[in-house]
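Peer 1: What follows is a single structure, and I will ask about it in a moment.
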Amino acid sequence: MHKIVFLDRQSLNAQVRKPSFAHEWAEHVQTRPEEVVERLQGATVAISNKVPIRRDTLAQLPGLKLIAMAATGYDVIDVEACRERGVAVANIRNYAVHTVPEHAFALIFALRRNLIAYRDDVLNGRWQTEEQFCFFDYPIRDLHGSTLGIFGEGVLGQATAQIARALGMKVLFADHAPPKAAGVDFVPAEQVFAESDIISLHCPLTPASRHFIGMAQLQQMKRSALLINTSRGGLVDEEALKVALQTGVIAGAGFDVLSQEPPKNGNPLLDIHSPNFILTPHVAWASQQAMQFLADQLIDNIEAFMAHKPQHLVT
């Protein structure tokens, strides 16, 4: 009988049906790295959202056949070691196609219209002291006619582009090495940095993409530009972004992710207490509808693998 172990059940706020084949099911609210080997002893399938499974761990789990990710991103998994040991890795596809782009635009709207600054002023009594019906302390900019630059042309990047075009925005996709989505026109990354009023990140975190936006790239952007990241925190040099926001290199940023989550040891971006920076706790993906879709596909992936018809494999 197959043993399935969900290492971080708390990370998925949805109903998870049990697979249709005979199995033993175990789940843990959270799992610390030093607990992984013990909890996966005898397991055929490991389910993980953010619990790392590295080479040394895999070496101690000869019976493991599948790591079923409860997420699209799989940077917490040593994929090369899995490939060498014949352990399949399946991830979730297309589940956040509405919720992540909507969250990205929630950040964009709030920053372009300076909603946080105006709200803070109302709470602090500023409006109550005015002689006229309104005040204009912070600039408000329409999205119509502006340019959105996107890094990552997968389903999330393309869904974000669709919203942008509906708002009358011009969209630029940054060029990159293959594979590339069909039907998407690409421009050099330097052009995206230079011409975009807003840049939104929708690309995976890999060794090549880690810190691909640093001070040099931020300085290529317009001083009035915004940087939006609902993808992975490690894509951006966070110390450089902090300096850029504090010195006016760019106008603002909206982030849903950090390089280490939760940021128990601090993070440069936690030190920013300014209305031109909005940080949310990695919840862009977490609409009720998206989480249930994820939970359903998670079990679909496991059942397909056991039926010798694997789907959504990354290795």
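Each reported figure results from applying straightforward, stated rules to the coordinates on display, with no laboratory input. Predicted model only: the values in this text are computed from it and were never measured. No Cβ is skipped: glycine too gets one built from the backbone with ideal geometry, and neighbour counts run over all protein chains shown.
Peer 1: How high is the relative contact order of the chain, given as a whole-number percent (alpha carbon pairs under 8 Å, six or more residues apart)?
Peer 2: 19 percent
Peer 1: Sort 195-201, 87-93 by the packing proxy (mean of other Cβ within 10 Å over each peptide's residues), most packed first.
Peer 2: 195-201, 87-93
Peer 1: Give me the net charge for the shell around Arg232: Cβ to Cβ below 14 angstrom, other residues only, Lys and Arg +1, Asp and Glu -1.
Peer 2: Summing Lys/Arg as +1 and Asp/Glu as -1 gives -3.
Peer 1: Is there a quick way to get the dipole size of the stretch 99-279? I mean about its Cα centre, with the Cβ of Lys and Arg at +1 and of Asp and Glu at -1; what is the value in debye to the nearest 20?
Peer 2: 200 debye
Peer 1: If you wrap a convex hull around the alpha carbons of the stretch 99-279, what volume per residue comes out, as a whole number of Å³?
Peer 2: Once divided by residue count, the hull of the stretch 99-279 is 128 Å³.
Peer 1: Out of Val45, Ala307, Gly73, whose Cα points farthest toward the positive end of the dipole of the chain (charges: +1 Lys, Arg; -1 Asp, Glu; placed on Cβ)?
Peer 2: Ala307
Peer 1: Here are some values of volume of the Cα convex hull per residue in Å³: [x] 196; [y] 205; [z] 153. Which one was computed from this structure?
Peer 2: So the structure-derived entry is [z].
Peer 1: Computed FRET efficiency, Cβ-Cβ of Glu34 and Ser274, R0 45 Å: what is it to the nearest 0.05?
Peer 2: 0.75
Peer 1: Write down the percent of antiparallel bridges among all DSSP beta bridges whose residues are both part of the stretch 99-279, to the nearest 5.
Peer 2: Around 0 percent of the beta bridges assigned by DSSP in the stretch 99-279 are antiparallel ones.
Peer 1: How would you rank 110-118, 210-218, highest first, on the average number of other Cβ atoms within 10 Å across their residues?
Peer 2: 110-118, 210-218
Peer 1: Classify the stretch 1-57 from the C-alpha gyration tensor, please: rounded if a/c falls under 1.5, else prolate or oblate depending on whether a/b exceeds b/c.
Peer 2: Verdict is oblate for the stretch 1-57.
Peer 1: Out of all DSSP beta bridges with both ends in the chain, state the antiparallel percent to the nearest 5.
Peer 2: Here the share of antiparallel DSSP bridges comes out near 5 percent.
Peer 1: Just order 233-245, 163-175 by mean Cβ neighbour count inside 10 Å, highest at the front, would you?
Peer 2: 233-245, 163-175
Peer 1: Taking the Cα centre of the chain as origin, work out the dipole magnitude from +1 charges on Lys and Arg Cβ and -1 charges on Asp and Glu Cβ, in debye rounded to 20.
Peer 2: Result for the chain is approximately 580 debye, rounded to the nearest 20.
Peer 1: Quick check for me: using +1 on Lys/Arg Cβ and -1 on Asp/Glu Cβ, what's the dipole size of the stretch 5-143 about its Cα centre, in debye to the nearest 20?
Peer 2: The calculated dipole for the stretch 5-143 is roughly 540 debye.
Peer 1: If you line up the long axis of helix 155-166 against the longest principal axis of the chain, both from Cα atoms, how many degrees apart are they, to the nearest 10?
Peer 2: Relative to the chain, helix 155-166 is tipped by roughly 30 degrees.
Peer 1: Now for a separate question. Just want the answer: with Cβ charges of +1 for Lys and Arg and -1 for Asp and Glu, which residue in Gly254, Phe133, Ile163 is farthest toward the dipole's positive end in the stretch 99-279?
Peer 2: Ile163
Peer 1: Could you pull out the pairs from Lys180/Lys264; Lys18/Lys50; Lys18/Lys180; Lys65/Lys242; Lys50/Lys180; Lys170/Lys264 whose alpha carbons sit more than 32 Å apart here?
Peer 2: Lys180/Lys264; Lys18/Lys180; Lys65/Lys242; Lys170/Lys264
Peer 1: Can you sort His23, His2, His103 from fewest to most other Cβ atoms within 10 Å of each residue's own Cβ?
Peer 2: His23, His2, His103
Peer 1: Compute the signed sum of charges (Lys and Arg +1, Asp and Glu -1) over the other residues within less than 11 Å, Cβ to Cβ, of Thr31.
Peer 2: -1
Peer 1: If Lys and Arg each add +1 and Asp and Glu each add -1, what is the summed charge of the other residues whose beta carbon sits under 15 Å from the beta carbon of Lys309?
Peer 2: Neighbourhood net charge equals -1.
Peer 1: Quick one: Cα centre-to-centre distance for the stretch 117-177 and the stretch 202-259, in angstrom?
Peer 2: One Cα centre to the other: 17 Å.
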